[in-house]
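**Q** The structure under discussion is supplied below as structure tokens; questions concerning it will follow.
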Amino acid sequence: RRRRSESRSSDSRTKLVARWLLAFTIVGSVLALGSVHVPVLLVAATLAIAAGTATFFAGGEPGARWPAPAALLALLATYTAVQALPLPLSLLTHLAPATADVWSRSFTVIGERAPGWGAISLEPGASWVEALKWWAYAATFVTAAGVGAHRGARWGAALLLISALLLALVSIGHGATDASKVYGFYAPRFGGERWHIGPLIDPNNLAGYLNLGVFAGLGLVAEESPFIPRWAIALAVAPVVGMSFIAESRGGFAALIFGLVLLSFLLRRSRGSFIGSRGRRMLIPLAATLIGGLALALTAANHHVIDALLNKDVQKLKALAFTVPMMRAHPWFGVGRGAFQSAFQQYFVSPNDIVYSHPENFAVQWATEWGLPVAIVGLAVTGWLLRPRALGYLSSPAATGVFTGLAALVLQNVVDLSLEVPGVMFAAVAGAGFLWGEAAEKGAALAHGPERDRSRALVLGVAGLAAVVLASVLGLRTIMDDRDDAIIDFPSKTVDAAAYASYRGQLRAAMERHPAEPYFPRTGALLAWDGHRESPYPWLALALERAPTSGRTNYLLAVYLAQRHVRNQSLMELRLATDYDVALAPHAANVALALTRDPALLRSAVPDGVNGAPLLYAFAEKLPKEQARLQDEFLEEATLHDPDYASARSLAARRLLAAMENPDGTGRCAGTEAARCAREINAQCDELERLRPEEQEPVVFRARLYMVLGHPEAAARTLADECKRFDP
């Protein structure tokens, strides 16, 4: 009896340790910038795996077995690791010909010997990190299922609410102080406006996580007998609702509305809900919670928040169409988990050279990275295992709230990427685990004995330790790390042979880690160009092969051809460069004008449609005054290409005003032409006011025109009437 009592006491302490480790994993992983950085992820994953191992050691509960969803997560982690294993290139050619082609041509094009081995994954290091993630998710589900079986969904819902509340408060604190760095030391690489400086920089990720906490909290509010006062729970939910609104995520806002509708419907059927037992009057706490949250949001919101929520930009949804040819090229095994960013550039680079790191649709992410068979089977099995009845979604209001939060998060991730952020995924997996464990306990599921539990603990712990080691050794260097080093270490133009060879070796090592990434061959072209030791053309050809729609590579090729006086081909590359990346228009104009001043040839470098307007504008701006008529023609053509291109209209109005204020002797605005110029200036001002209502320029143009026409009183009146609209 003493031994049994000591064993039970030891198991109880182990369960307590597992719960605390789970809490640290969930809260810490999101507050530490979502654990998107590999060193932080290693710590979070280690905690999660330790918690799962402790849960197995404790045993004696339904959650102490391998829950079926955890087994599925472990299988996906194993498959991801298999994707990262090196295979003979001859075998890889039969299994994944497109992948084998990438591995071989990445080196043969530049005169290097092709590697004899290659992985199914085009980012082996990233795949090892992904394998660790999914193994940690499996361990998290094991722990959460054990906690749900022992403590019920209420404990899990409270943990999710606390984590979301801490995230909201930290984000609010950063925004209220107008912080420019997270925690005062981390400067975001991308994004990071005022209310987006916080642990989760991306507004979609932030809103998705907060919504999960909102619905977990609302479920607790709806409990018949909450374990803390209902007003305290409502007070905790309010700032989470407010920050979710301030996050400016369209997908997050739509998911919040969907979840509120779903929750209001489900709570009427949920067992133990005060709504069903006391009637509609008990909806007051729920309504007060939401109204309080929105009130907090409105105190911080401004027109930027409203504009962001009403933004109609759907560029990222258009990018989904380009994943279809990617799936066709890699149908069976995908490009490897974590390889989407580099591999996708062969099929699509967004205008202005924007690269997509994720397709922002979790189903497409699975299909492109794992392959269609695994994605289809994985989605089907996940949907079956986590069906509402299996999760006991009506077993308690807390369970209903967590289930609603998970449903809203999954719906949002049809158009967002938050499930790819470890900090968000840890919370989502734990939420599902809490529900699974509570449902298993209420279903009187039987636990296995301690011996079998401890054998599973050994498997989980040893495999988890191996995943941590492999990820830390092979996955620590990301694409961004190698790109940063390529910039920092780029040698000077007076590079000697030794430094040239060293940097070339550095690029080759980066290409071995990221064979589909076009950035490194493009950098190799610059090295060859500056070093004069080899031709940059093969490097540029490889970069174009890896990203055919990257305007910057086309621009470099145009400059290279221009230096060799290959005029027509250079102009064609400038046309492509500007079409893919309109920000290159001023640079492309310089190259084109250095090649020729022939209007017909210059027009051959202009893309069709709206992307041609910036280059025509750049031509007009850079041509000498002696070619004033050609400047006017280019500006007129720019507005024909894009009637909403305000810069061309502004320059046209400025040129006409200058001609009226200081006649240049050409007669373009002299005598009878003055009235025509005045009409054209007013027409341009009308369009500028439509396109840029917040800018002062058209008002100043009209006042200057009145002065030229001899009506200073009208000029003063115009300025006095209109200046009230502007700040300053």
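The values are calculated or read from the model by the stated rules, or taken from the named source; none is laboratory data. This one's a predicted model, so the numbers in the text were calculated from it and none came from an experiment. As a convention, Cβ positions derive from the backbone with ideal geometry for all residues, glycine included, and neighbour counts pool all protein chains shown. These accessible areas exclude ligands, DNA and RNA; they are computed on the full protein's heavy atoms, side chains included. Shrake-Rupley method; radii C 1.70, N 1.55, O 1.52, S 1.80 Å.
**Q** Name every cysteine in the chain that ends up alone, with no second cysteine's Cβ under 4.7 Å, or say none.
**A** When partners are defined as cysteine Cβ atoms under 4.7 Å apart, the chain leaves Cys685, Cys723 without one.
**Q** Next question, about the same structure. Restricting everything to alpha-carbon atoms, can you work out Rg to Rh for region 104-146 with a Kirkwood hydrodynamic radius? Write out the running numbers ahead of the final one.
**A** On the way: Rg = 17.6 Å, Rh = 13.0 Å.
Ratio of gyration radius to Kirkwood radius for region 104-146: 1.35.
**Q** Evaluate the Kirkwood expression for the hydrodynamic radius of region 466-550, namely the inverse of the mean inverse distance over all pairs of different C-alpha atoms, and round to one decimal in Å. Let's see the in-between values first.
**A** On the way: mean 1/r = 0.0733 Å⁻¹.
Roughly 13.6 Å, rounded to one decimal.
**Q** Oh, and also: May I ask for the percentage of alpha-carbon pairs in region 325-364 that lie more than 14 Å from each other?
**A** Values: 365 of 780 pairs.
In whole percent, the long-distance tail amounts to 47.
**Q** So, how do all the Cα-to-Cα distances of the chain break down into 10 Å bins, in percent, from 0 on up?
**A** 3, 12, 19, 20, 18, 13, 9, 4, 1, 0, 0, 0
**Q** Please report the orientation-averaged projected area of region 73-127, defined via the convex hull of its C-alpha atoms, in nm².
**A** Reported value for the Cα convex hull: 3.9 nm².
**Q** Then there is this: I need to check one value: relative contact order of region 65-155, counting alpha carbon pairs closer than 8 Å and at least 6 residues apart, in percent.
**A** Working: 100 pairs, mean separation 38.6, N = 91.
Once normalised by length, the contact order is 42 percent.
**Q** Where in region 355-387 is the amide nitrogen less than 16 Å from a point lying 7 Å along the Cα-to-Cβ axis of Val324?
**A** The answer is 364, 368.
**Q** A further question follows. FRET efficiency for Leu601 and Asp644, Cβ-Cβ distance as r, R0 = 35 Å, nearest 0.05?
**A** On the way: r = 28 Å, r/R0 = 0.79.
Efficiency for this residue pair is about 0.80.
**Q** Residues with amide H under 5 Å of Tyr186's amide H, sequence separation 5 or more or different chain, H placed in the peptide plane at 1.01 Å from N; which?
**A** none
**Q** Can you tell me the FRET efficiency between His532 and Val469 if r is taken as the Cβ-Cβ distance and R0 is 45 Å, rounded to the nearest 0.05?
**A** Details: r = 44 Å, r/R0 = 0.98.
My answer for the efficiency is 0.55.
**Q** Quick one: helix 38-58 against the long Cα principal axis of the chain, what's the angle to the nearest 10°, folded into 0 to 90?
**A** Relative to the chain, helix 38-58 is tipped by roughly 20 degrees.
**Q** What is the calculated FRET efficiency for Ala254 to Gln563, with r their C-beta to C-beta distance and R₀ = 41 Å, to the nearest 0.05? Working shown, then result.
**A** Details: r = 52 Å, r/R0 = 1.26.
Once rounded, the FRET efficiency stands at 0.20.
**Q** Only Lys, Arg, Asp and Glu count, each charged at its Cβ (+1, +1, -1, -1), so figure out the dipole size of region 455-592 about its Cα centre, rounded to 20 debye. Provide the component values of the computation, followed by the final result.
**A** On the way: 14 positive and 14 negative charges, 36 e Å.
It works out to roughly 180 debye.
**Q** Right, something else. Of the peptides 503-516, 684-697, how do they stack up when ordered by the mean number of other Cβ atoms within 10 Å, highest first? Mind showing how you got there, number by number?
**A** Details: 503-516: 19.4, 684-697: 15.5.
Per-residue Cβ counts within 10 Å, averaged per peptide and sorted highest first, yield 503-516, 684-697.
**Q** How much space per residue, in cubic angstrom, does the convex hull of the C-alpha atoms of region 108-172 take up? Please list the in-between numbers first.
**A** Working: hull volume 8.5 nm³, N = 65.
Cα-based convex hull of region 108-172, divided per residue, equals 131 Å³.
**Q** Now a separate question. Just how large is the dipole of the chain about the Cα centre, in debye to the nearest 20, putting +1 at every Lys and Arg Cβ and -1 at every Asp and Glu Cβ?
**A** Details: 67 positive and 62 negative charges, 648 e Å.
For this selection, approximately 3120 debye.
**Q** Regarding region 539-609, what's the average projected area of the Cα-atom convex hull, expressed in nm²? All intermediate terms of the calculation are to be shown ahead of the outcome.
**A** Values: hull surface 17.5 nm².
So the Cα hull casts an average projection of 4.4 nm².
**Q** Mind ordering 699-711, 390-402 by average Cβ neighbours within 10 Å, highest first? Please list the in-between numbers first.
**A** On the way: 699-711: 17.5, 390-402: 26.9.
Those peptides, ordered most packed to least, come out 390-402, 699-711.
**Q** Still on this model: Find the percent of Cα-Cα distances in region 11-139 that exceed 25 Å, and round it to a whole number. Can you show the working numbers first?
**A** Numbers: 3480 of 8256 pairs.
Considering region 11-139, 42 percent of its Cα-Cα pairs are separated by more than 25 Å.
**Q** What is the extension gain from Ala714 to Thr672, computed as 0.36 nm multiplied by their sequence separation minus the C-alpha to C-alpha distance, in nm to one decimal?
**A** Separation in residues times 0.36 nm, less the Cα-Cα distance, equals 12.9 nm.
**Q** What number comes out for accessible area per residue over the chain if the probe is 1.4 Å? Units Å², please.
**A** Numbers: 31750 Å² over 728 residues.
For the chain, the per-residue accessible area is 44 Å².
**Q** Another question, then. If you build the Cα gyration tensor of region 600-677 and take the root of 5 times each eigenvalue, what three semi-axes come out, in whole angstrom, biggest first?
**A** Details: eigenvalues 113, 36, 18 Å².
The three semi-axes for region 600-677 are 24, 13, 9 Å.
**Q** For Gly118, what residues show an amide H to amide H distance below 5 Å, using hydrogens built from the backbone and excluding near sequence neighbours?
**A** Here Leu87, Leu89 satisfy the definition.
**Q** For Ile228 and Phe190, calculate 0.36 nm times their separation in residues minus their Cα-Cα distance, and state this gained length in nm to one decimal. Before the final figure, lay out each step's value.
**A** Numbers: separation 38, 0.36 × 38 = 13.68 nm, distance 4.02 nm.
Using 0.36 nm per residue and subtracting the Cα-Cα distance, I get 9.7 nm.
**Q** Kindly rank 67-79, 172-184 from highest to lowest mean number of other beta carbons found within 10 Å of each residue. The partial results should precede the final answer.
**A** Details: 67-79: 20.8, 172-184: 14.2.
The most tightly packed comes first, giving 67-79, 172-184.
**Q** Could I ask something else about it? Which values, in whole Å and largest first, are the semi-axes of the equivalent ellipsoid of region 605-728 obtained as the square root of 5 times each eigenvalue of the Cα gyration tensor?
**A** Values: eigenvalues 128, 78, 21 Å².
Largest first, region 605-728 gives 25, 20, 10 Å.
**Q** So what's the angle, to the nearest 10 degrees on a 0 to 90 scale, between helix 68-84 and the longest Cα principal axis of the chain?
**A** Taking Cα atoms only, the helix is inclined about 50 degrees.
**Q** Given all pairs of different Cα atoms, what value in angstroms does the Kirkwood hydrodynamic radius of region 451-502 take?
**A** Values: mean 1/r = 0.0681 Å⁻¹.
Mean inverse Cα-Cα distance, inverted, gives 14.7 Å.
**Q** Pop a pseudo-label 7 angstrom from the Cα along the beta-carbon direction at both Thr78 and Asp484 and give the gap in nm to one decimal.
**A** 3.6 nm
**Q** With everything on Cα atoms, drop me the angle between helix 203-221 and the longest principal axis of the chain, reported from 0 to 90° to the nearest 10.
**A** 30 degrees
**Q** For labels at Phe265 and Ala501 in the simple 7 Å Cα→Cβ model, what's the distance in nm?
**A** So the label points at Phe265 and Ala501 sit 7.0 nm apart.
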